[in-house]
Amino acid sequence: TFDRDITIDSVSFYYDPAKTVLSDMSLTIGKNDKLGIIGESGAGKSTLIDIICAILHPTSGTITIDSTPLSLDNIRSWRKKIGYIPQQIYLIDGTVAQNVCMGHPYDKERVTKVLKQAKIYEFLASKDGLMTGVGEGGIMLSGGQKQRIAIARALYNEPEILVFDEGTSSLDNATEERIINEIFELAANKTIIMVAHRLSSLKQCDRIVKVESGRLIDLDHTKGLALA
């Protein structure tokens, strides 16, 4: 269960012992917190996200959920609590419904609900509805529309946690701001972990941390945004 917090305790990670990616990171993320993570390319942001999502295992240190350590015995149930939106959105050459379900059982009512939450349902209603084709790689959709389908996909299994790994970085500033506002509106009762390059993308977060040379630095929210 996830009722209180995610605790990252003295976590380090490396692929090559001669080059540490993350070094002695400690961080607590409370239930329903909105956490922003910023940092330069290659700083270790995505690696930290992969460890939180139990895709990678720490070289040392622990991840605990409500004081229960993540382990091989419980990572499948943990992953089911997470809706993940990556930087590069992958869409199959099929229908919108297929891209939302993505291997999970099809539930028309639930697909419709999440498409409405992602604010793309009205656009689809002017096409072929849930059966609208997206083309190879989503070529028949705009960047913002692909982003909304990715959000609908992440919401489909009703996750408790939404993770954006630079999931809005390919959008123009106006579209990005609009989608982020919508995300925070529909995810008021969810935990959000959002990785971005720009501090301005994280202005709605309760807390912002910076990954720098494999270490975590807490940013003063107001001061940090003034410098963005």
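The values are calculated or read from the model by the stated rules, or taken from the named source; none is laboratory data. Predicted model only: the values in this text are computed from it and were never measured. Cβ: placed from backbone, ideal geometry, glycine included. Neighbour counts: every protein chain shown. The area values use the complete protein model at the heavy-atom level, side chains included, leaving out ligands, DNA and RNA. Shrake-Rupley method; radii C 1.70, N 1.55, O 1.52, S 1.80 Å.
In this structure, is residue 38 in contact with a strand residue (DSSP E or B) (Cβ under 6 Å, 6 or more places away or on another chain), within 26 Å of residue 117 (Cα to Cα) and hydrophobic (A, V, I, L, M, F, W, C)?
Spelling it out, it is not the case that residue 38 is in contact with a strand residue (DSSP E or B) (Cβ under 6 Å, 6 or more places away or on another chain), within 26 Å of residue 117 (Cα to Cα) and hydrophobic (A, V, I, L, M, F, W, C).
Of the conditions (1) more than 24 Å from residue 147 (Cα to Cα); (2) of a type in the set (S, T, N, Q); (3) surrounded by fewer than 14 Cβ atoms within 10 Å (Cβ to Cβ), residue 20 clears all except one; give me its number.
Failed condition: (3).
Filter region 100-112 for residues that are out of contact with any Phe, Trp or Tyr (no Cβ under 9 Å at 6 or more places or on another chain) and either open to solvent by less than 70 Å² (accessible area, probe 1.4 Å) or of a type in the set (Asp, Glu) (or both) and give the result.
Answer for region 100-112, where residues must be out of contact with any Phe, Trp or Tyr (no Cβ under 9 Å at 6 or more places or on another chain) and either open to solvent by less than 70 Å² (accessible area, probe 1.4 Å) or of a type in the set (Asp, Glu) (or both): just 109.
Taking region 45-64, which residues are in contact with a helix residue (DSSP H, G or I) (Cβ under 8 Å, 6 or more places away or on another chain), more than 13 Å from residue 27 (Cβ to Cβ) and surrounded by 15 or more Cβ atoms within 10 Å (Cβ to Cβ)?
Result: 53, 54, 56.
How many of the residues in region 80-99 are assigned to a loop (DSSP other than H, G, I, E, B) and either exposed (fewer than 13 other Cβ atoms within 10 Å of the Cβ) or not polar (S, T, N, Q) (or both)?
Count: 10.
Tell me which of these residue 77 doesn't satisfy, since it passes every other one: (1) open to solvent by 20 Å² or more (accessible area, probe 1.4 Å); (2) farther than 26 Å from residue 6 by Cα; (3) part of a helix (DSSP H, G or I).
Tallying (1) open to solvent by 20 Å² or more (accessible area, probe 1.4 Å); (2) farther than 26 Å from residue 6 by Cα; (3) part of a helix (DSSP H, G or I), residue 77 fails exactly one: (2).
Residues checked against (1) over 25 Å from residue 40 (Cβ atoms); (2) crowded, with 17+ Cβ neighbours inside 10 Å; (3) over 14 Å from the mean Cα position of the chain (by Cα); (4) not hydroxyl-bearing (Ser, Thr, Tyr):
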residue	(1), (2), (3), (4)
114	yes, yes, yes, yes
124	yes, yes, yes, yes
137	yes, no, yes, yes
141	yes, yes, yes, yes
145	yes, yes, yes, yes
163	no, yes, no, yes
180	no, yes, no, yes
195	no, yes, no, yes
201	no, yes, no, no
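Within region 32-43, can you find the residues that are crowded, with 16+ Cβ neighbours inside 10 Å and over 15 Å from residue 208 (Cα atoms)?
Result: 43, single match.
Taking residue 214, is it at positive phi, modelled with pLDDT under 95, open to solvent by less than 60 Å² (accessible area, probe 1.4 Å) and out of contact with any helix residue (DSSP H, G or I) (no Cβ under 8 Å at 6 or more places or on another chain)?
Judged against the criteria, residue 214 is a match.
What number of residues within region 119-148 are touching a Leu at 6+ places or on another chain (Cβ under 7 Å) and either under 24 Å from residue 190 (Cα atoms) or outside any helix (DSSP H, G or I) (or both)?
Number of matching residues: 6.
With the checklist (1) open to solvent by less than 20 Å² (accessible area, probe 1.4 Å); (2) without any contact (Cβ under 8 Å) to a residue 40 or more places away in the chain; (3) assigned to a strand (DSSP E or B) in hand, flag the one item residue 27 doesn't pass.
Unmet for residue 27, out of (1) open to solvent by less than 20 Å² (accessible area, probe 1.4 Å); (2) without any contact (Cβ under 8 Å) to a residue 40 or more places away in the chain; (3) assigned to a strand (DSSP E or B): (2).
Do we find that residue 30 is over 17 Å from residue 192 (Cα atoms) and in contact with a strand residue (DSSP E or B) (Cβ under 9 Å, 6 or more places away or on another chain) in this structure?
It is false that residue 30 is over 17 Å from residue 192 (Cα atoms) and in contact with a strand residue (DSSP E or B) (Cβ under 9 Å, 6 or more places away or on another chain).
Going through region 186-201 one residue at a time, which ones are at pLDDT 90 or above and of a type outside the set (Ser, Thr, Tyr)?
The answer is 189, 190, 192, 193, 194, 195.
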